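A.B. asks: Starting off with a structure, shown below.
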Amino acid sequence: MSDNKKLQFDSKTVHAGMGDYEFGPVVPPIYQTSTFKFESVEQGASLFKGEATGYIYTRLENPTIEAMENAIAELEGGHKALGCASGMAAISTIFFTLLKSGDHVVCSKFVYGPTLTLLQNILGKFGVESTFVDTEFPEEIEKAMRPNTKVVYVETPGNPTLAISDLEAASKIAHAYGALVVVDNTFMSPALQQPFKFGVDIILHSMTKFLNGHADVVAGIIIVKDEEMFQKMRKVLNQLGGVIDPFNSFLVHRGLKTLSVRMQKHCENAQIVAEYLENHPKVKWVRYPGLKSHPTYQVGLKQHNGTGGMIAFELKGGLKAGEVMMNSVKLCTLAVSLGGVESLIQHPASMTHFSMGEEARKNGGITNGLVRFSVGIENVKDIIEDLEQALAKIPKMEKAEA
Ligand code: LCS
């Protein structure tokens with residue numbers, strides 16, 4: 001193993017997490033086994049007591065999973081990471097570790113729909129209260145803090161509004177009240193945003209998206225800053241059981257090697273597409289971290305190393321026009337999820353954020369006409385040509401829908 005700590009980020013994406021394995025493979029082998037043989041009863045017992053190092057059972061630890069976890073912990077600048085079966089498994093493990101009945105959470109009001117419903121409907125049932133605020137405004141976080149607030153949960157940029165929250169400001173406020181800051185870094189990946197640099201305590205990702213990058217895995221990850229939190233979180237994950245499996249870990253680790261080049265291309269393409277949409281006569285508004293018209297563009301400049309691959313926009317003809325466009329794309333695919341090499345387009349109000357309900361959507365700024373676009377790494381000329389022909393299908397609509 002080379003001393004990866006000295007390497008630049010893009011070199012780390014290629015080499016991080018590699019261990020020493022029998023036969024000298026250049027990538028971690030897939031240990032597709034549920035359990036590991038003990039040398040003796042005594043050795044098995046000492047492994048369980050934590051006195052010996054080694055592997056016991058894949059729900060607890062597995063070398064293929066560990067390699068991927070080490071790689072992502074290194075890329076985020078964290079201590080260690082825990083691979084999970086999905087982004088939602090990562091989020092629920094974090095909440096079940098940090099919260100108990102009577103505790104309070106302050107959460108961004110623009111989050112992935114199921115994150116909001118998990119807090120409201122499931123954690124709510126166990127006596128955890130949540131307040132959803134516009135975390136773009138630090139004073140809104142401060143106003144919502146209570147003596148029993150244990151977690152400030154920020155998704156930035158938010159799904160699907162692309163609202164950017166200031167992580168340094170959120171961390172300062174949360175810490176002043178003794179609360180921890182948890183950040184969903186799915187939309188940016190560590191290539192474009194490294195939340196630990198801004199004082200955040202715990203990072204999570206849906207690795208289904210940019211980290212894996214190829215739309216063929218559902219997975220999540222939690223990254224922590226110290227051993228004490230790692231052990232606490234690991235115990236809960238092992239007992240809840242939402243762990244990743246070795247093959248998906250292998251695929252994510254494979255995807256990570258091209259993270260830097262993929263993110264660079266996502267950013268380049270999305271900037272061109274966002275500017276194209278912003279100048280299109282049929283478009284009402286566009287939200288993209290790389291546009292000066294973004295209300296928190298300046299926060300993005302401070303916090304990001306690039307402007308990402310996600311765009312939100314609304315057409316002048318509202319939902320009806322959006323439906324025509326989404327039904328007319330040919331190269332781009334009408335599908336949920338995001339962050340893969342292929343361009344995907346979807347309608348949050350009826351798809352990813354449907355479960356939130358109309359009121360929470362309205363509160364979070366998710367209008368019925370909002371279209372979300374995950375810009376892939378195809379040639380941008382082909383993407384624009386596809387959008388052009390789809391937008392041309394929209395009949396003249398005089399009045400914009402509410
Ligand atoms: N966090 C964010 C920001 C997400 O976008 C998603 C999934 C999750 C967490 C949950 O991850 P999962 O369990 O699916 O791995 N977002 C999706 C979306 O926007 N379309 O389909 C899934």
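The values are calculated or read from the model by the stated rules, or taken from the named source; none is laboratory data. Small disclaimer: the values here were computed from a predicted structure and weren't measured. FYI the Cβ positions are ideal-geometry reconstructions off the backbone, even for glycines, and counts take in every protein chain you see. Quick note on the areas: whole protein, heavy atoms, side chains included, nothing else; ligands and nucleic acids left out. Shrake-Rupley method; radii C 1.70, N 1.55, O 1.52, S 1.80 Å.
A.B. asks: Binned at 20 Å from 0, what are the whole-percent values of the Cα-Cα distance distribution for the chain, short to long?
C.D. replies: Cα pair-distance distribution for the chain, in percent: 28, 56, 16, 1.
A.B. asks: For a test of the definition: using alpha carbon positions, the gyration tensor, and the 1.5 limit on a/c, classify the range 111-196 as rounded, prolate or oblate.
C.D. replies: Here the range 111-196 falls in the oblate category.
A.B. asks: Please list, or write none, the aspartates and glutamates whose alpha carbon is within less than 19 Å of the alpha carbon of Lys49, excluding same-chain residues fewer than 8 places away.
C.D. replies: Partners within reach: Glu39, Glu61, Glu227, Glu228.
A.B. asks: How big is the charge dipole of the range 235-340 about its Cα centre, in debye rounded to the nearest 20, if each Lys and Arg gets +1 on its Cβ and each Asp and Glu gets -1 on its Cβ? Don't skip to the end; give the middle numbers.
C.D. replies: Working: 13 positive and 6 negative charges, 15 e Å.
So the dipole magnitude of the range 235-340 works out to roughly 80 debye.
A.B. asks: What pairs in Lys80/Lys209; Lys330/Lys362; Lys284/Lys393; Lys150/Lys257; Lys109/Lys172 have C-alpha atoms more than 28 Å from each other?
C.D. replies: Distance filter (> 28 Å) returns Lys330/Lys362; Lys150/Lys257.
A.B. asks: Further, regarding this structure: Would you list, by chain and number, the aspartates and glutamates whose Cα falls below 20 Å from the Cα of Lys143, excluding same-chain residues fewer than 8 positions away?
C.D. replies: Asp103, Glu129, Asp134, Glu155, Asp166, Glu168
A.B. asks: So what's the back-of-envelope 222 nm ellipticity for the chain, counting only DSSP H runs of four-plus at -39500 (n - 2.57) apiece and dividing by all residues, rounded to 500?
C.D. replies: -11000 deg cm²/dmol
A.B. asks: Separate question: May I ask you to rank Val26, Val236 by accessible area, largest first, using a 1.4 Å probe over the protein chains only?
C.D. replies: Greatest to least solvent exposure: Val26, Val236.
A.B. asks: Something else now. On a 0 to 90° scale, report how tilted helix 259-278 is relative to the longest principal axis of the chain, with both axes built from alpha carbons and the result rounded to the nearest 10.
C.D. replies: Computed tilt is about 20 degrees.
A.B. asks: Starting from the Cα of Glu388, move 7 Å in the Cα-to-Cβ direction to define the label point; list residues of the range 276-311 whose amide nitrogen is under 17 Å from there.
C.D. replies: 276-283
A.B. asks: So how exposed is Asp201, as accessible area in Å² (1.4 Å probe, rounded to 10)?
C.D. replies: Accessible area, nearest 10 Å²: 30 Å².
A.B. asks: Then there is this: Whole angstrom only: what separates the Cα centroid of the range 141-209 from the Cα centroid of the range 345-377?
C.D. replies: 21
A.B. asks: Could you let me know the centre-to-centre spacing of the range 255-285 and the range 222-241, using Cα atoms, in angstrom?
C.D. replies: 35
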